[in-house]
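Shown next, in structure tokens, is the structure this report addresses.
Throughout, read-outs are computed from the coordinates displayed, never taken from laboratory work. Quantities reported herein were computed from a predicted structural model and do not represent experimental measurements. Cβ sites come from the backbone with ideal geometry, for glycine too, and all protein chains shown count toward neighbours.
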Amino acid sequence: MAVRRVSKTAWPTGPGLFAEVHRELVASLPAAPTTPARRSPRRTTAMRLCVLASGSGGNASVLRVRGQACVMLDLGLGPRVLRHRIEQAGLSFGDVSAVCLTHLDQDHFKPGCIPMLLGHGVRVHLHRWHVQDFMTLPGAADLSAAGLLCVFDDESFEPYPGVTARPIHLPHDLKGTVGLRVEADGASLGYATDLGTVPPQLIDILSEAGGVDVLAIESNYDPDLELASGRPAFLKQRIMGGRGHLSNDQAFAAVRAIARCCADGRPRRVVLLHRSAQCNHPTRIHRTFAQEPALAARIVLAEQRRRTAWIDVDASHAGQMSLWLD
């Protein structure tokens, strides 16, 4: 760098000395480049899953698709808590395009959310088994009249353009519930909660095409804790009788069966849902899944009182978790 000399006779004195030298140096510096530095393009994950809450007190999960549209799986939280959990995840209810309901138990759908759905124009996808019961809820007729009630059958449907959801009939109480295989841009998620037994169809559908990248399935109770609880006999029978919920052992058997049919180490993450606060415990779950260490390392326990981190559902790097949104 060439610095122009300042003659001795022109050398400033007093307070102007340092200012003059500074001006001389700045004038001699080369101009800053005008072309901005090139940045590598940022990759968009096909889908990301966040379980906002899971348990007998309320269940709700959100899928973010291509970093834009949001599809919710169940809506079992009241409006205030729902808004709070969504905001914690870096979103707002205005980002939600559609809701897919597994069934209508109050811990999976709160009728108090219907005004929110109407206000934001959110479509509700519901299996035909549950439509009659849904229409008895306050505000359901208004939702239907607004064209926001979308009824699906046993065939695949699109809750959002480019997102395919394939329903799976699961045994739960009188009318059953719906499991889902959700796909977008080659990524896949299996979602199954509130099922008393694991039908072969669930294993088959979630094992197709190399399996699913992320599997979310309930692990509700520990049999010893259930039997030792102070719950009435009829409730224990309902839960353990084949049309209630899955035990830890049943969940483990289902996950292992699906994993053994999958390719490339799928599912890369296993999210365990709907844990009973009274009749289960994380140590019991970890003890069960420790029978197969490779599966135990992939476990994420969903909670009732706080959301999970965002979980990438992507065919190339599925199962990675992050605590922020891209």
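Quick look at the numbers
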item: Space enclosed by the convex hull of the alpha-carbon atoms of the range 205-244, per residue, Å³; result: 82 Å³
item: FRET efficiency for THR164 and ALA228, using Cβ-Cβ distance with R0 set to 45 Å, rounded to 0.05; result: 0.55
item: Cβ crowding within 10 Å averaged over residues, with 199-205, 53-59, 93-99 ranked highest first; result: 53-59, 93-99, 199-205
item: Charged-residue dipole, Cβ positions (Lys, Arg, Asp, Glu), the range 47-322 about Cα centre, Debye nearest 20; result: 680 debye
item: Local electrostatic count at VAL255 - Lys and Arg +1, Asp and Glu -1, tallied over other residues with Cβ under 10 Å; result: +2
item: Charge sum, other residues only, whose C-beta stays under 12 Å from PRO223's C-beta, Lys/Arg counted +1 and Asp/Glu -1; result: -2
item: Computed lengthening from ASP154 to ASP105, 0.36 nm per intervening residue step minus Cα-Cα distance; result: 15.6 nm
item: Whether the range 68-185 is rounded, prolate or oblate, judged on the alpha carbon gyration tensor where a/c under 1.5 counts as rounded; result: rounded
item: Beta bridge orientation in the range 47-322: antiparallel %, DSSP, nearest 5; result: 55 percent
item: Of LEU180, HIS125, LEU91, farthest towards positive along the dipole that unit charges on Lys, Arg, Asp, Glu beta carbons give the range 47-322; result: LEU91
item: Efficiency of FRET between GLU87 and ASP142 - r from beta-carbon atoms, R0 25 angstrom, step 0.05; result: 0.45
item: Electrostatic dipole magnitude of the range 179-247 [Cβ: Lys, Arg +1; Asp, Glu -1; Cα centre; debye, to 20]; result: 460 debye
